[in-house]
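S.K.: Have a look at the structure that comes next, please.
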Amino acid sequence: MGDAAAGADPRALIARASAALLSRAGDEPSARLEAEVLLASVLGCERSVLARVGAVSGEQVRALETLVARRRVDACPVAYLTHRRGFYDLELYVDERVLVPRPETEHVVEVLLALDAEGLLPPGPVLDRGTGSGALALALAGALPGRRTLVGSDVSAAALEVADLNRRRCGRRLMLLQADGLGALRPASLAGIVCNPPYIAPAEHGQLPPDVRDHEPRVALVPGEGSVPAVYERLAREAVQVLRPGGWLVTEMGAGQADLVRSACLGAGLDALRVTSDLAGIPRVVAARRAA
């Protein structure tokens, strides 16, 4: 990227970093965006104020070079390099203990809020199964009216450490629970369940982009049950047991999985299915109700 002399021009640094990242980012605008995000992280400022930044110190230049190299050579996700990821109205801390929250997962929040706004969500707690960074649960904790209890559960103790950090950073109410699935919960105790389960087939994991395959936790990507249908069948079966009558399961799914998720929900006895597509027109979220 060039020398690390003190007094470097931030515009020149961004140009050099963008050039270094171009092959990884795929196009010039994406490479520039990544370069700006990394420089803003090094400087401890927002990307929007980079144009007003003065000279960059030699130490900061070297820090930027390190991040650019990790992104270019190791394909480390930008969110892990900066430990920042925006989700809904939150800025979350993330690292390799948790999945990087995706924009399409915000539709899970929107669907549950719409059910509540329609008066269809019964009183009671809402649980985020496989909470990871806490993204879904914390977004709902800020958006649901009243003092509804939010619970985040995860099989990974390491992931729960990140969720706890985000809970304290965001200042939102959230109970955390280490659990594998929903079997340990009291029957008919929940008004709602939200979930972004692992839905990458085991045979497809090796085909994922290296920034996902080599860095994001496999347990959050690939079903421990062994197949994608099995993970949704288990989710729906357990949801029927712990949802209150009239309660809702709202789950994300992968492209092309709508039929198998519908089948799992109907087979478990859930009804009133709703399917929501993401901004690309891909069916992304299924909501299903335990009959009242």
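FYI, it's all coordinate maths here, none of it is from the lab. Predicted model only: the values in this text are computed from it and were never measured. Using ideal geometry, Cβ is built from the backbone for each residue, glycine included, and neighbour counts are taken over all protein chains shown.
S.K.: Label residue 184 and residue 55 with points 7 Å out from Cα along Cα→Cβ: what is the distance between them in nm?
M.R.: 5.7
S.K.: With the Cα gyration tensor of region 41-112 in hand, convert its eigenvalues to equivalent ellipsoid semi-axes via √(5λ) and list them largest first in whole Å. Please report the intermediate quantities before stating the final value.
M.R.: On the way: eigenvalues 154, 55, 14 Å².
Here the semi-axes work out to 28, 17, 8 Å.
S.K.: On a full-extension model of 0.36 nm per residue, what is the gain between residue 15 and residue 27, subtracting their alpha-carbon distance, rounded to one decimal in nm? Don't jump to the answer; show the numbers that get you there.
M.R.: Numbers: separation 12, 0.36 × 12 = 4.32 nm, distance 1.35 nm.
Roughly 3.0 nm would be gained on extension.
S.K.: Let me ask something else. Can you check what the net charge comes to around residue 11, using other residues whose Cβ is under 14 Å from the Cβ of residue 11 (Lys, Arg +1; Asp, Glu -1)? List each step's numbers first, then the result.
M.R.: Details: positive: 16, 32, 47, 52; negative: 9, 36.
Neighbourhood net charge equals +2.
S.K.: Going by amide H atoms built from the backbone, whose H comes under 5 Å of the H on residue 194, apart from near neighbours?
M.R.: Close amide H contacts, sequence-distant or interchain: 127, 128, 129, 250.
S.K.: Further question on the same structure: Mind jotting down the distance between the C-alpha centroids of region 130-202 and region 21-56, whole Å?
M.R.: 32
S.K.: Also: Where does region 10-74 land on Rg/Rh, using Cα atoms and the Kirkwood Rh? It would help to have the intermediate numbers written out before the result.
M.R.: Working: Rg = 10.8 Å, Rh = 11.5 Å.
With Rg and the Kirkwood Rh in hand, the quotient comes to 0.93.
S.K.: OK, next. When the convex hull of the C-alpha atoms of region 216-292 is computed, what volume per residue in Å³ does it have?
M.R.: Values: hull volume 7.3 nm³, N = 77.
Cα convex hull per residue, to the nearest whole number: 94 Å³.
S.K.: Determine the relative contact order of region 85-290: mean sequence separation of Cα pairs under 8 Å and six or more apart, normalised by residue count, in whole percent. Please list the in-between numbers first.
M.R.: On the way: 430 pairs, mean separation 43.6, N = 206.
21 percent.
S.K.: Please report the net charge: other residues with Cβ closer than 11 Å to the Cβ of residue 159, K and R +1, D and E -1.
M.R.: -4
S.K.: Further, regarding this structure: Over all directions, what mean area does the Cα convex hull of the chain project, stated in square nanometres? Don't skip to the end; give the middle numbers.
M.R.: On the way: hull surface 62.3 nm².
Average projection, Cα convex hull of the chain: 15.6 nm².
S.K.: Here's something else I'd like to know. I need to check one value: relative contact order of region 211-271, counting alpha carbon pairs closer than 8 Å and at least 6 residues apart, in percent. Mind dumping the intermediate values first?
M.R.: Details: 26 pairs, mean separation 24.8, N = 61.
Relative contact order, region 211-271: 41 percent.
S.K.: At 222 nm, what helix-only mean residue ellipticity would the chain give, in deg cm²/dmol to the nearest 500, using -39500 (n - 2.57) for each DSSP H run of four or more? Please list the in-between numbers first.
M.R.: Details: 10 runs with 119 residues, N = 292.
The per-residue figure over the chain is -12500 deg cm²/dmol.
S.K.: Using 0.36 nm times the number of residues separating residue 66 and residue 143, minus their current alpha carbon distance, what extension gain do you get?
M.R.: Working: separation 77, 0.36 × 77 = 27.72 nm, distance 3.82 nm.
Computed gain between residue 66 and residue 143 is 23.9 nm.
S.K.: Residues of region 181-220 with the amide nitrogen closer than 18 Å to a label point 7 Å from the Cα of residue 96, along Cα-to-Cβ, please.
M.R.: Residues 206, 208-220 fall inside that zone.
S.K.: Place a point 7 Å from the Cα of residue 213 along the Cα-to-Cβ direction; which residues of region 55-83 have their backbone N under 20 Å from it?
M.R.: 70-80
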